[in-house]
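Working notes for the structure below.
Readers should treat all values here as calculations from the given coordinates under stated rules, not as data from a laboratory. Note that the structure is predicted; figures quoted are calculated from it, not measured. Cβ atoms come from the backbone with ideal geometry, glycine included; neighbour counts cover every protein chain shown.
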Amino acid sequence: MQTVRLHTRMDGVQAPIVAVVGDLIRQVPGTISLGQGVVHFAPPPAALNIAREAVANPDTHAYQDGAGNPALLGAIAHKLQRDNAIDLARGSRAVVTAGGNMAFQHAVLAITSPGDEVILPVPFYFNHEMAIQIAGCTPVRVATDARYQLDVGAIAAAITPRTRAIVTVSPNNPTGAVYPEASLRAINRLCGEHGLYHISDEVYEYFTYGSTRHVSPGAFEGAHAYTISMFSLSKAYGFAGWRIGYMAYPEALEPAIAKVQDTILVCPPVISQAAAVAAMEVGPAYCRGYLPALAEVRDIVGAELRALEPLCTVPPADGAFYCFIRVNADADPMTIAERLIREHRVAVIPGPAFGITDGCYFRVAYGALQKETVAEGIGRLVNGLKTLLNA
Ligand SMILES: Cc1ncc(COP(=O)(O)O)c(C=O)c1O
């Protein structure tokens, strides 16, 4: 009998880092995780009540419209106009997916052919690189500057005849950087001039601090024809397990998106959509209610980590709930991350997962924890880094 061939397109795709770190955490009980990018709050109670009621509705258990249920699509159209200045009537469509990750994979499958290139500013969100590779395309890494801001010139120089899209994530995972409107306009213009799609991941749209404001490139004049804007309820409404995301995309892509959606998801989970309608009725005030507490946590994280300078560099992080620190020492980030868990019971995600192959970087996520736990976790991190690096 012949053995089955195990080598596939997946060989070149990185292993899911959160699961790898999660395995280590399980081996060391009591570890505080500054690893996974989740929020600590639950969905709005109104969403949970609607979900309970939906269980009794026979329609909940049947396939429904592929793009999403009309009530949710209506709520999304309204929200896009109100919060993002994206008017679907200008020539865009919306589709509901099982989370923002699926929206990204759908978009890449819909706009590329194998061998095409997609430009990713580095550090990137690991699942974006993975999705591009799974689609048989090449992620083209372009460095950001020392503050993790976009280098528009370097991005322009990376465009080739095979480029299909430029990806921006603002507010950013893993850095917490928020891109100013001028940078997003420059990238969007570049896409327009070169016939590329601008994939704009905005799942942290409501998570900005101080006077920093989120801007949606899909709202720019003429951008609707080539901009794909993605959003998620995972962070804004504590909905990670309900798997609801959505994207606004140029209507010319509708046949392609319909093929991917029908094959991979058929329709978004019906009970989750019912809950999502109720959550969106509560609106962004829900997560904004948690922002002052999150801002306090962010201040603690920033102050503690900055005290580590010059051992660490901590660039500004005005959005999301991450910061991405550079350790100014010649050390292997994976080894340090593992020792931080085993010897200091604190978990962070090492830089290579985000495409940083040169230098020792870590992402610190602080959205999942209460203030006291974060303070304890950061204390362990600071102490652990000092000890492990003999500082
Ligand atoms: C930048 C970014 N995009 C998309 C997602 C995916 O979120 P979900 O698939 O839960 O909507 C995440 C989750 O961490 C993220 O950080």
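With a Förster radius of 35 Å, plug the Cβ-Cβ distance of Glu281 and Ala15 into 1/(1 + (r/R0)^6) and report the FRET value to the nearest 0.05. Before the final figure, lay out each step's value.
Values: r = 39 Å, r/R0 = 1.12.
Result of the calculation: an efficiency of 0.35.
If we count every other residue with Cβ under 13 angstrom of Cys191's Cβ, Lys/Arg +1 and Asp/Glu -1, where does the sum land? Could you put the intermediate results ahead of the total?
On the way: positive: Arg164, Arg185, Arg189; negative: Glu193.
With Lys, Arg at +1 and Asp, Glu at -1, the net is +2.
Give me the distance in nm between label points sitting 7 Å out from Cα along the Cα-to-Cβ direction at Arg288 and Glu221, one decimal.
Spacing of the two 7 Å Cα→Cβ label points: 2.9 nm.
Which of the lysines could be linked to Lys259 by a straight reach, that is with a Cα gap under 24 Å, when you skip same-chain ones fewer than 8 residues away?
none
Hey, could you pull the Cα Rg and Dmax for the range 252-390, both in Å?
Gyration radius and largest Cα-Cα distance of the range 252-390: 19.7, 58 Å.
Can you tell me the 0 to 90 degree angle between the C-alpha axis of helix 181-194 and the longest principal axis of the chain, rounded to 10?
60 degrees
Can you compute the charge dipole magnitude of the range 1-111 about its Cα centre, using +1 on each Lys and Arg Cβ and -1 on each Asp and Glu Cβ, nothing else charged? Give it in debye, rounded to the nearest 20. It would help to have the intermediate numbers written out before the result.
Numbers: 8 positive and 7 negative charges, 36 e Å.
Dipole magnitude for the range 1-111 comes out near 180 debye.
Could you estimate the translational diffusion coefficient of the chain from the Stokes-Einstein equation, with Rh from the Kirkwood formula over C-alpha pairs, at 4 °C and 1.567 mPa s, in whole µm²/s?
Working: Rh = 21.6 Å.
Answer from the Stokes-Einstein relation: 60 µm²/s.
Fewest first, what order do Met1, Met334, Met102, Met10 take by the number of other Cβ atoms within 10 Å?
The most exposed by this proxy come first: Met1, Met10, Met334, Met102.
Calculate, in nm to one decimal, what Gln370 and Ala85 gain on full extension: separation in residues at 0.36 nm each, minus their alpha carbon distance. Before the final figure, lay out the partial values.
Numbers: separation 285, 0.36 × 285 = 102.60 nm, distance 3.34 nm.
So the extension gain works out to 99.3 nm.
Estimate the FRET efficiency between Thr212 and Ile300 by the formula 1/(1 + (r/R0)^6), using the beta-carbon distance for r and 22 Å for R0, to the nearest 0.05.
Details: r = 19 Å, r/R0 = 0.85.
Working from the Cβ atoms, E equals 0.75.
Output ³J(HN,Hα) for the range 210-219: one whole-Hz value per residue in order, computed from phi by the Karplus curve 6.51 cos²θ - 1.76 cosθ + 1.60 with θ = phi - 60°, and x for Gly and Pro.
x, 8, 5, 10, 8, 10, 9, x, x, 8
Which one, Tyr246, Thr387, Ile134, projects farthest toward the positive side of the charge dipole computed for the chain from Cβ point charges (K/R +1, D/E -1)?
Thr387
Excluding Tyr290 itself, calculate the net charge of residues whose Cβ lies under 13 Å from the Cβ of Tyr290, where each Lys or Arg counts +1 and each Asp or Glu counts -1. Please report the intermediate quantities before stating the final value.
Details: positive: Lys235, Arg288, Arg298, Lys371; negative: Glu296.
Counting the neighbours of Tyr290, the net charge comes to +3.
What is the dipole size for the range 306-391, taken about its Cα centre, with +1 at each Lys and Arg Cβ and -1 at each Asp and Glu Cβ, in debye to the nearest 20?
On the way: 9 positive and 9 negative charges, 40 e Å.
Value, rounded to 20: 200 debye.
Select from Pro121, His194, Ala143 the residue farthest towards the positive end of the dipole of the range 112-219; place +1 on Cβ of Lys and Arg, -1 on Cβ of Asp and Glu, and compute about the Cα centre.
Ranked along the dipole, the leading option is His194.
Could you check which residue among Pro269, Pro43, Pro16 shows the biggest mean-square fluctuation in a GNM of the chain with a 10 Å Cα cutoff?
Pro16
Mind checking which lysines have their C-alpha under 28 Å from Lys386, skipping anything on the same chain fewer than 8 residues away?
Lys371
With contacts defined as alpha carbon pairs under 8 Å and 6 or more residues apart, what's the relative contact order of the chain in percent?
Details: 752 pairs, mean separation 98.4, N = 391.
Relative contact order of the chain: 25 percent.
Charges only on Cβ, +1 for Lys and Arg, -1 for Asp and Glu: so what's the dipole of the range 146-267 about the Cα centre, in debye to the nearest 20?
Using only the charged Cβ atoms, the result is roughly 260 debye.
Roughly what angle does helix 371-388 make with the longest principal axis of the chain, taking Cα atoms, 0 to 90 degrees, to the nearest 10?
That works out to roughly 50 degrees.
Quick check: the angle from helix 333-344's long axis to the longest principal axis of the chain, C-alpha only, nearest 10 degrees?
Rounded to the nearest ten degrees, it is 70.
Name the lysines eligible as straight-distance cross-link partners of Lys235: C-alpha to C-alpha under 17 Å, and not fewer than 8 places from it in the same chain.
Lys235 reaches Lys79.
Give the residue from Ile378, Ala47, Gln81 lying farthest towards the positive end of the charge dipole for the chain; charges sit on Cβ (+1 for Lys and Arg, -1 for Asp and Glu) and the dipole is referred to the Cα centre.
It is Ile378.
Please report Rg (one decimal) and Dmax (integer) in Å for the Cα set of the range 1-124.
In order Rg, Dmax, the Cα atoms of the range 1-124 give 20.5, 62 Å.
Take the chain, connect every pair of alpha-carbon atoms lying under 10 Å apart with a spring to form a Gaussian network, then pick out the residue of Ala94, Ala107, Ala19 with the largest mean-square fluctuation.
Ala19
Testing the spin-label approximation: label points 7 Å from Cα along Cα→Cβ at Leu6 and Arg189. State their distance in nm.
5.2 nm
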